[in-house]
Amino acid sequence: MNDVERFLAHAIQLERDAARRYEELAAAMQTDGNAELKAFFARMARFSRLHLAQAVARGGFRELPVMRPEDYDWPEGTSPETAEWSGVDAQMDASDALRLALDSEHRGHAYYAAIAATTQDAELCALAGEFAAEEAQHVMELERIIASRTAA
Ligand code: ZN
């Protein structure tokens, strides 16, 4: 990938999908016993929406670029943060939800990091690097929560 606008269009789709999935995960957490996780997932959804808005602003898009599904080139044919999300449902328990979220953050990070590592474009390299760093933070947050739950 060597085109900043094209990259941003991908980032927008990735973050939009991630936000939706986090909203689904928040909804799947029943309030009793999982209130904390429910709030956490809602916060992650807000981060994704924020990231989405930043990508829109960076691209100078007055509206989101219109891309057909076949216009995207994702590593595995689907937006990386949502690859494993088909299993989200209201019965999902907290550890499954966290495992899914962690997996998706790993994928998001790998996606941005791979672009930063391979692009020929210096501006895109810096931009993808910033996005990768944010995803790395999401991974760390999830790992911290998972660790604190297993320690309890
Ligand atoms: Zn993320």
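Side notes on the structure shown:
- Averaging Cα coordinates gives a centre for the range 133-152 and one for the range 112-126; these two points are 26 Å apart.
- Take every Cα pair under 8 Å whose residues are at least 6 apart in sequence, average their separation, divide by the length of the range 4-151, and the relative contact order is 25 percent.
- Calculated FRET efficiency for the pair ALA133/ALA35, C-beta based, R₀ 35 Å, to 0.05: 0.70
- The calculated 222 nm mean residue ellipticity attributable to helices in the chain amounts to -25500 deg cm²/dmol, summing -39500 (n - 2.57) over DSSP H runs of n ≥ 4 and dividing by all residues.
- Here the convex hull built on the C-alpha positions of the range 4-151 has a volume of 104 cubic angstrom per residue.
A short reminder: the numbers here are calculations on the coordinates, not readings from a lab. Computed from a predicted structure; not experimentally measured. Methodologically, a virtual Cβ is constructed for each residue, glycine included, from the backbone with ideal geometry; neighbour enumeration extends over all protein chains shown.
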